[in-house]
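The values are calculated or read from the model by the stated rules, or taken from the named source; none is laboratory data. This one's a predicted model, so the numbers in the text were calculated from it and none came from an experiment. In this analysis, Cβ positions are derived from the backbone assuming ideal geometry, glycine residues included, and neighbour counts consider all displayed protein chains. Quick note on the areas: whole protein, heavy atoms, side chains included, nothing else; ligands and nucleic acids left out. Shrake-Rupley method; radii C 1.70, N 1.55, O 1.52, S 1.80 Å.
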Amino acid sequence: MTTTPDPSAPSGARDRRAPGPARLDNPDARMSLMEHIRELRNRLLKTLLGLALGMVLGWIFFKPAWTFIAEPFCRINIEGVVGCGKDEHPLIVTGVFDAFFVHLKIAFVVGLIVSSPVWLYQLWAFIAPGLYRREKRWTYAFVGTAVPLFALGGVFAYFALSHGLEFLLGLTPGGVKPLITIDTYLGYAMAMLLIFGLAFEVPLIMVILNMAGVLTHARMRKWRRVMIFAVFAFAAVATPSPDPFSMLLLAVPCVVLVELAEVFVWANDRRRARRPSIYAGLDDDQISPLDFDDSVSSGQR
């Protein structure tokens with residue numbers, strides 16, 4: 001049964017997921033719960049298909065991918081650890097299925113990276129119809145900044161791997177030969193990647209908090225020294241190597257990014273200060289005006 005839309009309802013409050021001709025039969029462009037579930041199912045199936053194709057490529061190109069991942073381990077120079085030559089390798093497997101699972105893990109990581117345009121688009125296509133135009137711009141800016149920042153953290157983590165391994169394996173007692181499994185090394189490499197990648201996202205979180213009105217420049221300026229000290233303390237704990245190179249490799253870029261975030265927060269607060277407040281001139285017990293027309297027009301998709 002077709003219902004007539006309420007003309008008094010704000011147009012910005014309507015859900016406009018149904019595109020194109022569907023709006024002729026459904027003026028409000030609403031979707032039922034089952035339609036949402038079907039759309040989510042279709043998006044997940046397309047995401048899994050893209051991931052599966054990416055894993056096939058990762059399985060085919062396992063050798064160059066594994067050479068790239070194992071390179072930091074091959075660069076270390078520790079007594080008792082053999083080289084990465086043609087007939088010998090310092091990493092070992094201890095189980096019958098270990099080699100298979102190593103291929104599977106490498107294929108999954110490569111597939112996740114290769115298929116990232118597919119699953120990022122499917123995620124965006126699912127949530128975008130429910131966003132206003134301004135929210136879409138924020139989402140574009142967030143994704144367009146978060147992905148490069150995480151990738152930049154991964155690059156720094158790759159260069160810091162060897163220094164951390166040299167320190168950790170250097171603690172091996174004399175006369176003991178370290179036999180490191182591939183699974184252990186992959187776990188260490190993935191942990192370093194996540195630590196560096198997430199650390200590089202902290203300035204973006206500060207910007208988001210400022211955009212939401214939670215964090216101001218005055219508060220950031222008050223706690224600047226504490227934040228810089230916290231960054232260096234976190235870098236000292238997160239990087240296992242005690243040498244200053246590994247710590248600075250994480251701390252210095254994070255401090256630079258935090259300073260850039262502070263510049264953005266300062267500029268955004270100045271822009272807000274020039275905008276007149278709708279609560280100016282109101283008493284504490286006076287009801288603030290609600291202008292639905294302005295709120296709807298500012299939230300047009």
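Counting only residues that are free of Cβ contacts under 8 Å to residues at least 24 places away in the same chain and of a type outside the set (A, V, I, L, M, F, W, C), which one in region 211-258 is least open to solvent (accessible area, probe 1.4 Å)?
My answer is 213.
Tally up the residues in region 204-260 that are among the acidic types (Asp, Glu) and either outside any helix (DSSP H, G or I) or within 23 Å of residue 168 (Cβ to Cβ) (or both), please.
1
With the checklist (1) at pLDDT 85 or above; (2) closer than 24 Å to residue 170 by Cβ; (3) open to solvent by 50 Å² or more (accessible area, probe 1.4 Å); (4) of a type outside the set (Ser, Thr, Tyr) in hand, flag the one item residue 69 doesn't pass.
The number of the failed condition is (3).
Is it true that some residue in region 48-68 is under 30 Å from residue 248 (Cα atoms) and touching a residue at least 12 places away in the same chain (Cβ under 8 Å)?
yes
Conditions first: (1) more than 22 Å from the chain's Cα centre (by Cα); (2) open to solvent by 50 Å² or more (accessible area, probe 1.4 Å). Residue 164 passes all but one, so which condition is the exception?
Condition not satisfied by residue 164: (2).
Determine, yes or no, whether residue 271 is part of a helix (DSSP H, G or I) and exposed (fewer than 13 other Cβ atoms within 10 Å of the Cβ).
The answer is yes for residue 271.
Does residue 35 meet the test of being over 24 Å from residue 100 (Cα atoms), of a type in the set (D, E, K, R) and touching a Phe, Trp or Tyr at 6+ places or on another chain (Cβ under 9 Å)? Steps first, please.
Details: over 24 Å from residue 100 (Cα atoms): yes; of a type in the set (D, E, K, R): yes; touching a Phe, Trp or Tyr at 6+ places or on another chain (Cβ under 9 Å): no.
When the stated conditions are applied, residue 35 does not pass them.
Report every pair of residues separated by at least 6 positions or lying on different chains whose Cβ atoms are under 7 Å apart, first residue within region 120-136 and farther than 21 Å from residue 47 by Cβ, second surrounded by 15 or more Cβ atoms within 10 Å (Cβ to Cβ).
Between residues of region 120-136 that are farther than 21 Å from residue 47 by Cβ and residues that are surrounded by 15 or more Cβ atoms within 10 Å (Cβ to Cβ), the close pairs are 132/12; 132/299; 132/301; 133/301; 134/299.
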